[in-house]
1. For the chain, what does the helix formula give at 222 nm: sum of -39500 (n - 2.57) over DSSP H segments with n ≥ 4, over the residue count, nearest 500 deg cm²/dmol?
2. Computed over the Cα atoms, what is the radius of gyration of the chain divided by 2.2 N^0.38 Å, N being its residue count?
3. How many percent of all Cα-Cα pairs in the stretch 16-61 sit more than 14 Å apart?
4. Springs between alpha-carbon pairs under 10 angstrom, Gaussian network model over the chain: which of ARG165, ARG296, ARG359 fluctuates most?
5. When N is the residue count of the stretch 37-143, what does its C-alpha Rg come to as a fraction of 2.2 N^0.38 Å?
6. Near LYS4, which lysines are there with a Cα under 28 Å away, not counting those fewer than 8 places off in the same chain?
7. Enumerate the amide H contacts of THR32 below 5 Å, restricted to partners 5 or more residues apart or on another chain; note that Pro and chain-start residues carry no placed amide H.
8. Lys/Arg Cβ at +1, Asp/Glu Cβ at -1, dipole of the chain taken about the Cα centre: which of VAL264, SER124, TYR108 is farthest positive-ward?
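FYI, it's all coordinate maths here, none of it is from the lab. Small disclaimer: the values here were computed from a predicted structure and weren't measured. Note that we place each Cβ from the backbone using ideal geometry, even for glycine, and neighbour counts take in every protein chain shown.
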Amino acid sequence: MNSKILVTQSSMPSKEEYWKEIEGLWDSHWLTNMGEKHDLLTAQLEHFLDVQNLALFNNGHMALELAIQAMDLHGEVITTPFTFASTTQAIVRNGLTPVFCDIDPVNYTIDASKIEFLITEKTSAIIPVHVYGNICAVDKISEIAEKYHLKVIYDAAHAFGVTYRGRGIGSYGDASMFSFHATKVFHTIEGGAVSYRDKEYGGRLTRLRNFGIQDEGTVSELGANGKMNEFQAAMGLCNLRHIKEEIQKRKKSVEGYREMLVDVPGLQLPVLQADVETNYAYFPIVIDPQIFGASRDEVCEALKKQNIFARKYFYPLTSSFSCYQGKYKDANVPIAKYISENVLTLPLYAELSMAQVKRICECILKTKD
Ligand SMILES: *Cc1c(COP(=O)(O)O)cnc(C)c1O
């Protein structure tokens, strides 16, 4: 049997490098609560991500939940259902009503031309997703937000290091959430961050991260515990040293996939967006079963038989989760539904070899015969 290939594999620094980074913690005994590593990583990431302000969190989901809470929203929030559970759950857990907008058929992000039809007097924000690291129509979205006085929080979980017109993607909108989960391009084992524009907002956000504590004796917000610990931050400091090389290696695999799968009738490959420097986070293909000759599910099963584990990211749509049934207006999202039913995200990580990419592509192409 051929060796197992999972959809992703976490990158690790050498044991020596990580040990060197954490060794000092045995002297300081300062393990969490905005320690030295935490502060150093914050500064390095502000620089690397090219954002004005950044706050670190213990995971991306908590970062998003608190980013929404700190914005003091009410009523309805326009978002997309073609995302990881976290995006919609963070909205709902803030007591807000998700209003599902359809996606663009080519880059799978929110279809900005459909947002205005969904705005009501109850709408307070737009929470779009830079899905797979593809960027949303950020200019059009800020135009709409300005016109209707809406806040914009991006779920940028997939967009670490992505730039648009030479600017860090986290500098668009009022705030952006990045995930540093082990499966993401850059990770701190578990972790996340929020980049934001407004300093006052940042004050509220960082208080929410620490139980709402303002100072000794004053608890001014309904907070939670969202603090990143020193071992997480140390992993981030190590991984950040290698991130450029990491992204270059992913790029090689992506080029391999493109070479072997381009021009195959019935396969839609990720697009290259203009003015965007990408991070090669994912390689989703959309399979038209009629034209290709096999369905997404058939391809996924065939790969599994060869010990290759691709993932149906993102299926099902969040709008169809059983925990939301009967609570919200039915989502009119035909494109999201089609993409969700036909998309397959192929294995992609820095250590994936060209031979493995070839093996995966050959297996995919064989299913149509
Ligand atoms: C990973 C992810 C999150 C949540 O991040 P965690 O760090 O795993 O909590 C949120 N949104 C999207 C789109 C993600 O892929």
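1. Numbers: 13 runs with 135 residues, N = 369.
So the calculated ellipticity at 222 nm is -11000 deg cm²/dmol.
2. Details: Rg = 20.8 Å, N = 369, 2.2 N^0.38 = 20.8 Å.
Against the empirical 2.2 N^0.38 Å value, I get 1.00 for the chain.
3. 59
4. ARG165
5. Numbers: Rg = 14.8 Å, N = 107, 2.2 N^0.38 = 13.0 Å.
Normalised Rg, Cα atoms only: 1.14.
6. Partners within reach: LYS15, LYS184, LYS244, LYS249, LYS251, LYS252, LYS304, LYS305, LYS312, LYS358, LYS366, LYS368.
7. Distant-sequence amide H within range of THR32: GLU230.
8. The residue sitting farthest along the positive end of the dipole is VAL264.
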